[in-house]
Amino acid sequence: MVDELPQGEIPQYDLDIPEFGAVRIAGRGIPPIHEANIKRIQIPTWSLSVNEVIKWEDITIRRYP
């Protein structure tokens, strides 16, 4: 799966969904405790660069098809 991000967006992902947390049942009359174990990860990014050699004859074909 490819996640297309807008330019300048930081790729951060949550490993647990905060809306659907775990419910821990407590003992001795304590009400149930709603917990969400959320861990956020950030993916490092880097720049891609390509140096392609174009022949002089191909410049007119590429610019003016």
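Since every read-out is calculated from the coordinates, none of them should be taken as a lab result. In this text the structure is predicted, and so the values were computed from the model without any measurement. When we count neighbours, we look across all protein chains shown, and the Cβ atoms used for this are built from the backbone with ideal geometry, even at glycine.
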For the stretch 36-65, name all the residues that are surrounded by 10 or more Cβ atoms within 10 Å (Cβ to Cβ) and either assigned to a loop (DSSP other than H, G, I, E, B) or under 33 Å from the mean Cα position of the chain (by Cα) (or both). 36, 38, 43, 45
Selection count where residues are of a type in the set (Asp, Glu) and closer than 22 Å to residue 9 by Cβ, scope the stretch 28-65: 0
